[in-house]
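A.B. asks: Supplied in structure tokens, the structure appears directly below.
The values are calculated or read from the model by the stated rules, or taken from the named source; none is laboratory data. It should be emphasised that the depicted structure is a prediction, and the values quoted were computed from it without experimental measurement. Please note: Cβ atoms are built from the backbone with ideal geometry, for glycine as well, and neighbour counts cover all protein chains shown.
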Amino acid sequence: MFFGPSEFDVDDMGYAMSRLETESDAGRDFSGVGSSSSSGSHRSSEHLDHDEINQITKLKSSPHQRYSRVVPGRHELPVSTVRMLAGRESNFSGRGGRFSAADRCHMLSRYLPVKGPWLVDQMNSRAYVSQFSTDGSLFIAGFQGSHIRIYNVEKGWKVQKDILAKSLRWTVTDTSLSPDQRNLVYASMSPMVHIVDVGSGTTESHANVTEIHDGLDFSSDEDGGYSFGIFSVKFSTDGRELVAGSSDESIYVYDLEANKVSLRTVAHTSDVNTVCFADESGNLILSGGDDNLCKVWDRRCFIGRDKAAGVLVGHLEGVTFIDSRGDGRYFISNGKDQTIKLWDIRKMSSTPPAKHDVIRNYEWDYRWMEYPPEARDLKHPFDQSVATYKGHSVLRTLIRCYFSPSHSTGQKYIYTGSNDSSVYIYDLVSGDKVAVLKHHSSPVRDCNWHPHYPTLISSSWDGDLVKWEFPGRGEAPIMSKKRVRRRHLYY
């Protein structure tokens, strides 16, 4: 375990990286940060007894076998960056002096975004949403005080669009950027989702003052005037549809071309806190709700009205967020039982067990109470998850979790915000806490890792948006406004 200040100079950084490789050579385990010691592999098999995802992760983030070296009588050694570069020049992999995608991920995944933080922006209201665009050129942040800001990452994090939301109820619960990055939708505790033209030349976008924010009505005459809120909204990969989860226990699909709801299904027996598409086809929809269940919906073969293709049981409390690995098989979920769970869709059952609710002898409300100590070691008797990750805190708000980027890490990590004001990064296979980033003074509801670079943005209820990174020469990024001196914990 390494305790260190979040700030050190260039020489210290170089020494730290040299020391990391030297200590790894001495057989020490750094929980997935470039380490592949036999002891780490042993713990991996104990935590994740699922050969396929283990092998897939290894294939996506391990270097070519000719880069590896084994010294008799010692643990298998990690492949250093210097050796990787020398091997590339010598064409070890036979790729004409180029790195493969796995070689690249092996190198980049060693350099985690744990240095910092630097302040990106500071608002006087709680931050609820923070998301990079697919290509990483834009960053979107949504705040409780009706503001949504779009930053141009490539132009020094300049505010490209400052949006004042329309008819906001409580807070901005979610935002989603269209695949072509032309339109942004935002939701709140209302059946109306609004859409904004991101590409227009106007920086200040005040609803129906400087620009029109068209309303997309998810309600219907069947609702009988009942008003509900939308917790989660996502664009489909082709940009033609929106999928949403709501407080009326339903999933909605909105056809943007027809400008109407094309599908509504009563999906859970409580709030639907999160929805997303499982892959690029748009046929599979994943949902999680306060009934503790994760569900899979296949639009190609609806078995019956309001009946899911499959159900996955394992959380003891409500599901706050779901992130898909993008392969149509694996996804992770954050739960109010203070765990992240990894799931394989192929393990789903057609219906939940008759008595899937665990009887508990305690009462609590995650919005203002601590999780009961006697509940922390409970395990669901019908748990269908592949792996469980613990250490962070899911209280007060619907905290989000994600897979690390495929391009730079091979998705070998998962990360999450936390009620204890921190960001946690776990090794997907071993389950080890790789890093804990500490700066904020209030819950971190959302955080997002740049799709290509070792850069992570965390946003908190304290109003701060801060940047964590691993710069090559230790220099402060161009966008820095001030350096916030804090300590973080690094394993």
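A.B. asks: Show the residue pairs meeting these rules: Cβ distance below 8 Å; 6+ apart or different chains; first residue within region 425-436 and touching a residue at least 60 places away in the same chain (Cβ under 8 Å) and basic (Lys, Arg); second residue surrounded by fewer than 24 Cβ atoms within 10 Å (Cβ to Cβ) and assigned to a loop (DSSP other than H, G, I, E, B).
C.D. replies: These pairs meet every condition: LYS433/SER31; LYS433/GLY391; LYS433/TYR491.
A.B. asks: Just one of (1) of a type outside the set (S, T, N, Q); (2) in contact with a Leu (Cβ under 8 Å, 6 or more places away or on another chain); (3) crowded, with 17+ Cβ neighbours inside 10 Å; (4) over 22 Å from VAL129 (Cβ atoms) trips up ALA375, so point out which.
C.D. replies: Of (1) of a type outside the set (S, T, N, Q); (2) in contact with a Leu (Cβ under 8 Å, 6 or more places away or on another chain); (3) crowded, with 17+ Cβ neighbours inside 10 Å; (4) over 22 Å from VAL129 (Cβ atoms), only one is false for ALA375: (3).
A.B. asks: Would a scan of region 105-120 turn up a residue that is assigned to a loop (DSSP other than H, G, I, E, B), at pLDDT below 95 and under 23 Å from PHE235 (Cα atoms)?
C.D. replies: There is no residue in region 105-120 that is assigned to a loop (DSSP other than H, G, I, E, B), at pLDDT below 95 and under 23 Å from PHE235 (Cα atoms).
A.B. asks: With ASP420, ASP383, ASP323 as the choices, which residue is surrounded by fewer than 18 Cβ atoms within 10 Å (Cβ to Cβ), under 29 Å from GLN131 (Cα atoms) and either among the small types (Gly, Ala, Ser) or out of contact with any Leu (no Cβ under 6 Å at 6 or more places or on another chain) (or both)?
C.D. replies: ASP420
A.B. asks: Report whether or not ARG367 is surrounded by fewer than 18 Cβ atoms within 10 Å (Cβ to Cβ), closer than 24 Å to TRP461 by Cα, touching a Leu at 6+ places or on another chain (Cβ under 9 Å) and not aliphatic (A, V, I, L, M). Give the steps one after another, and end with the answer.
C.D. replies: On the way: surrounded by fewer than 18 Cβ atoms within 10 Å (Cβ to Cβ): yes; closer than 24 Å to TRP461 by Cα: yes; touching a Leu at 6+ places or on another chain (Cβ under 9 Å): yes; not aliphatic (A, V, I, L, M): yes.
The answer is yes for ARG367.
A.B. asks: Then there is this: Find all pairs meeting these conditions: Cβ atoms under 8 angstrom apart; at least six residues apart or on different chains; first residue within region 364-381 and touching a residue at least 40 places away in the same chain (Cβ under 8 Å); second residue among the aliphatic types (A, V, I, L, M) and not in a helix (DSSP H, G or I).
C.D. replies: Final answer for the pair search is TYR366/VAL394; TYR366/LEU395; ALA375/LEU316; LEU378/LEU316; LEU378/VAL358; HIS380/VAL313; HIS380/LEU316; HIS380/VAL358.
A.B. asks: Give just the number: which of (1) in a loop (DSSP other than H, G, I, E, B); (2) surrounded by 19 or more Cβ atoms within 10 Å (Cβ to Cβ) does TYR426 not satisfy?
C.D. replies: Here TYR426 clears every test but (1).
A.B. asks: For region 211-237, give me each residue that is assigned to a loop (DSSP other than H, G, I, E, B), surrounded by 13 or more Cβ atoms within 10 Å (Cβ to Cβ) and out of contact with any His (no Cβ under 9 Å at 6 or more places or on another chain).
C.D. replies: ILE212, PHE218, SER219, SER227, PHE228, GLY229, SER236, THR237
A.B. asks: Sort out for me the strands (runs of 3 or more DSSP E) sitting completely within region 445-486 that have 2 or more residues that are at pLDDT 95 or above and β-branched (Val, Ile, Thr).
C.D. replies: On the way: elements: 446-449, 455-459, 464-469.
So the answer is 455-459.
A.B. asks: Mind checking whether some residue in region 346-353 is touching a Pro at 6+ places or on another chain (Cβ under 9 Å) and exposed (fewer than 14 other Cβ atoms within 10 Å of the Cβ)?
C.D. replies: yes
A.B. asks: Of the conditions (1) under 11 Å from PRO113 (Cβ atoms); (2) crowded, with 24+ Cβ neighbours inside 10 Å, PRO454 clears all except one; give me its number.
C.D. replies: With respect to (1) under 11 Å from PRO113 (Cβ atoms); (2) crowded, with 24+ Cβ neighbours inside 10 Å, PRO454 is out only on (2).
A.B. asks: From ASP306, ASP291, which residue is at positive phi and part of a loop (DSSP other than H, G, I, E, B)?
C.D. replies: When all the criteria are applied, what remains is ASP306.
A.B. asks: Going through SER236, SER287, SER247 one at a time, which residue ends up being under 24 Å from SER385 (Cα atoms), hydroxyl-bearing (Ser, Thr, Tyr) and in contact (Cβ under 8 Å) with a residue 40 or more places away in the chain? Before the answer, list the steps.
C.D. replies: Values: SER236 fails: under 24 Å from SER385 (Cα atoms); SER247 fails: under 24 Å from SER385 (Cα atoms).
Only one candidate qualifies: SER287.
A.B. asks: Something else now. Any idea which of (1) surrounded by 15 or more Cβ atoms within 10 Å (Cβ to Cβ); (2) at pLDDT below 95; (3) not hydrophobic (A, V, I, L, M, F, W, C) is the one TYR186 doesn't satisfy?
C.D. replies: The number of the failed condition is (2).
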